[in-house]
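Encoded as C-alpha cells, the structure appears first; notes follow it.
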Amino acid sequence: MSGSHDSERPEGTTRRMPVLEKEPEPTAPVPRPILAGARRFWSARRVPGALAALLLLAAAGIFLYDIAAVRAGRPAMRWRRELAHQLAHRPLDDTWVLVGAGVAAALGLWLIVLAVTPGLRALLPMRRTDADVRAALDRSAAAMVLRDRAMEVSGVQSVRVRAGRRRADVRAVSHFRAVDDVRQDLDAVLDEAVRALGLARPLSLSVRVRRPGRKG
C-alpha cells in the first residue's frame, strides 16, 4: 500500500521539489540630484518703490493742477514762475545748479542700483534638490552654527564668528593646548560644519586663534 502512489507516477518523470522564491529586498530611494544655479533671493523693495511712486505722483499732480489753472485763465503759481526765471537766467556752472544736478544724478543712480541688484544680503542660498523648492539660510544663523561647532573643540575658551556672503571670519581664544593644534582642529571641524550647512556657495574660512589677553 505504501508504494501505490509511486506506481501511479508515469515512467521517466521525477518528483519536483517545491521552489522557494526570495522576496526582493527593498531598495533605498535614489537621492535626487542637486540642481545647479541656486541664485540669490530678490528683495521686493516696497519702501523705495513706494517713496519713488509717491514723489512722482505728488510732483505730477502739482504740475498738472498748475497747468490746468493757467489754462483756466488764472496766474501760475509763484514757485513755478520763480523756478522758470531761475532756470532761464542762472548759468550752468552756478553752484546751486550743480548741487541740484548732483542730487538728481545720485537719486537716479540709487534707483538704478536698486533695480539691478537682488538685495537681501543677509540670506545665503542653499543647494536645490527640487526645482520647485528654494531655501536660504540667514547669515546670523550660519554664524551661530559655526560658533557652536567651534566651541566643541578642546581648548577653545570663546569664539566670535562673523559670516559674510562668501567668507566666515572666526576668531577664537584658547586658554590651554598649543595654538597650532587648536587651529588645526578648528579647521577640520569648521570645514565639516560648512559642508553640513548645505549652501550653494560654501563659505571660505578665515580662522585665527590667540591666547587670552592678546589682541589679534
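Selection of the range 173-206 for residues being small (Gly, Ala, Ser) and either assigned to a strand (DSSP E or B) or not assigned by TED's automatic domain parsing to the domain that holds Ala141 (or both) yields Ser174, Ser204, Ser206.
For the range 130-139, check the following and say yes or no: at least one residue is of a type in the set (D, E, K, R), surrounded by 15 or more Cβ atoms within 10 Å (Cβ to Cβ), out of contact with any helix residue (DSSP H, G or I) (no Cβ under 8 Å at 6 or more places or on another chain) and not in a helix (DSSP H, G or I).
Scanning the range 130-139, I find no residue that is of a type in the set (D, E, K, R), surrounded by 15 or more Cβ atoms within 10 Å (Cβ to Cβ), out of contact with any helix residue (DSSP H, G or I) (no Cβ under 8 Å at 6 or more places or on another chain) and not in a helix (DSSP H, G or I), so the answer is no.
Being in contact with a Ser or Thr (Cβ under 8 Å, 6 or more places away or on another chain), at negative phi, surrounded by 12 or more Cβ atoms within 10 Å (Cβ to Cβ) and not in a helix (DSSP H, G or I) is the requirement here; does Val209 meet it? The answer is yes for Val209.
In this structure, Arg147 does satisfy being outside any strand (DSSP E or B), free of Cβ contacts under 8 Å to residues at least 24 places away in the same chain and of a type outside the set (Gly, Ala, Ser).
Remark: Arg195 falls outside the filter, which requires a residue to be more than 28 Å from the chain's Cα centre (by Cα) and surrounded by fewer than 19 Cβ atoms within 10 Å (Cβ to Cβ). Scanning the range 75-97 turns up no residue that is basic (Lys, Arg), under 30 Å from Arg201 (Cβ atoms), at pLDDT below 85 and not in a helix (DSSP H, G or I). A Cβ distance below 8 Å, combined with a sequence gap of six or more or placement on separate chains, defines the contacts here; from the range 82-105, residues that are in the same structural domain as Asp66 (by TED's automatic domain parsing) reach residues that are assigned to a helix (DSSP H, G or I) in the pairs Arg90/Trp96; Arg90/Val97; Pro91/Val97.
The values are calculated or read from the model by the stated rules, or taken from the named source; none is laboratory data. These numbers come from a predicted model, not from an experiment. Here Cβ is always computed from backbone atoms with ideal geometry, including for glycine, and neighbour counts include all displayed protein chains.
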